[in-house]
Amino acid sequence: MCESLRELFKQDPEARILAGLRRNAADPVKPEDQDGRFRPHPLILLLGVIGGLATIVFVYFSYAHP
C-alpha cells in the first residue's frame, strides 16, 4: 500500500512540496521571463528589501550607535 502511494505521488507534479512552493512564489502575471528563468513575486521581493533594511537599522541602533 505504501509503495503504491509513493508511486502515485512520484507521478503527480502537484503533490511535490517544492514545486508547489515555487509555483506560489512565482510572479502571478508572468512566472518566467523570456529566457525561461524563474521570476519571483514582487511582494516577496518588497518584503525582503523591507526586512533587510529593518535588520540593518536594528543592528545599527542596537550596536553601532553610541
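The values are calculated or read from the model by the stated rules, or taken from the named source; none is laboratory data. Computed from a prediction, not measured in an experiment: that's the story for all the values here. Here the Cβ positions follow ideal geometry from the backbone for every residue, glycine too, while neighbour counts run over all protein chains shown.
Conditions (1) surrounded by 10 or more Cβ atoms within 10 Å (Cβ to Cβ); (2) modelled with pLDDT under 95, marked per residue:
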| site | (1), (2) |
| --- | --- |
| A19 | yes, yes |
| A26 | yes, yes |
| P31 | yes, yes |
| G36 | no, yes |
| P40 | yes, yes |
| G48 | yes, no |
| A54 | yes, no |
| Y63 | no, yes |
Fill in the blank from the handout: Contact list, first residue from the stretch 1-27 and more than 30 Å from G48 (Cα to Cα) and of a type in the set (A, V, I, L, M, F, W, C), second anywhere and part of a helix (DSSP H, G or I) and modelled with pLDDT under 85, beta-carbon distance below 6 Å, six or more apart or interchain, is F9/A15
